[in-house]
1. Residue check: is Q119 modelled with pLDDT under 95 and open to solvent by 60 Å² or more (accessible area, probe 1.4 Å)?
2. Would you point out which residue out of G42, G10 is at pLDDT below 95 and exposed (fewer than 14 other Cβ atoms within 10 Å of the Cβ)?
3. Starting from residues that are of a type in the set (K, R) and more than 16 Å from M78 (Cα to Cα), keep the ones in the stretch 15-45 and report whichever is farthest from the chain's Cα centre (by Cα).
4. Among the residues of the stretch 83-116 satisfying the criterion of being among the acidic types (D, E) and either closer than 14 Å to L18 by Cα or open to solvent by less than 50 Å² (accessible area, probe 1.4 Å) (or both), which is nearest to the chain's Cα centre (by Cα)?
5. Determine whether the stretch 20-32 contains at least one residue that is assigned to a loop (DSSP other than H, G, I, E, B) and within 20 Å of S109 (Cβ to Cβ).
6. Please find, among S123, S71, the residue that is out of contact with any His (no Cβ under 9 Å at 6 or more places or on another chain), touching a residue at least 24 places away in the same chain (Cβ under 8 Å) and hydroxyl-bearing (S, T, Y).
7. Does V24 fit the bill of being closer than 13 Å to G115 by Cβ, modelled with pLDDT of 95 or more, in contact with a Gly (Cβ under 8 Å, 6 or more places away or on another chain) and open to solvent by less than 90 Å² (accessible area, probe 1.4 Å)?
8. From the list V48, V12, which residue is among the β-branched types (V, I, T) and under 23 Å from N77 (Cβ atoms)?
Amino acid sequence: QVQVQESGGGLVQARGSLRLSCAVSGGTFSNLVMAWFRQAPGKGRRFVANIDRDGKSTAYVDSVKGRFTISRDNTKNMLFLQMNSLIPEDTAVYLCAPSGTNQLLTQESDYWAWGQGTQVIVSS
């Protein structure tokens, strides 16, 4: 059973940076397409970025392109999200999840094994 554990969130000022981490256990990490989603207060989970199994292909929601970078380390079963030039609208709980397919899909229903997430708060 795949399990994920997110970390690295916190309070940061606008224009600052954070690096989120996601530790994955219980499965063959290198076989999993992975994604980051975020959930703002009172809203549903929204796609942020995903990455294919070997890290060669990625996709982002338009609002984070050029500011966020998703990456992975298959030797350590770790997924990362480098977030730069943060803005208050980035405030949310950030969650990582594996996909049930080998495609770079963006719907919440395409992912599973959700963790608790890590809170990111960006102050203006």
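The values are calculated or read from the model by the stated rules, or taken from the named source; none is laboratory data. These numbers come from a predicted model, not from an experiment. In this analysis, Cβ positions are derived from the backbone assuming ideal geometry, glycine residues included, and neighbour counts consider all displayed protein chains. Each accessible area value is taken on the protein alone, full model and side chains, heavy atoms only, with ligands, DNA and RNA left out. Shrake-Rupley method; radii C 1.70, N 1.55, O 1.52, S 1.80 Å.
1. no
2. Details: G10 fails: at pLDDT below 95.
Answer to the check: G42.
3. Within the stretch 15-45, the subset of a type in the set (K, R) is 15, 19, 38, 43, 45.
Still in the list and also more than 16 Å from M78 (Cα to Cα): 15, 38, 43, 45.
Details: R15: 19, R38: 7, K43: 17, R45: 11 Å.
So, considering only residues that are of a type in the set (K, R) and more than 16 Å from M78 (Cα to Cα), the one farthest from the chain's Cα centre (by Cα) is R15.
4. Filtering the stretch 83-116 down to residues among the acidic types (D, E) leaves 89-90, 108, 110.
Keeping just the survivors that are either closer than 14 Å to L18 by Cα or open to solvent by less than 50 Å² (accessible area, probe 1.4 Å) (or both) gives 90, 110.
On the way: D90: 12, D110: 14 Å.
Within the stretch 83-116, the match that is nearest to the chain's Cα centre (by Cα) is D90.
5. yes
6. Numbers: S71 fails: touching a residue at least 24 places away in the same chain (Cβ under 8 Å).
Just a single option satisfies the conditions, and that option is S123.
7. So V24 does not fit the description; no.
8. V48
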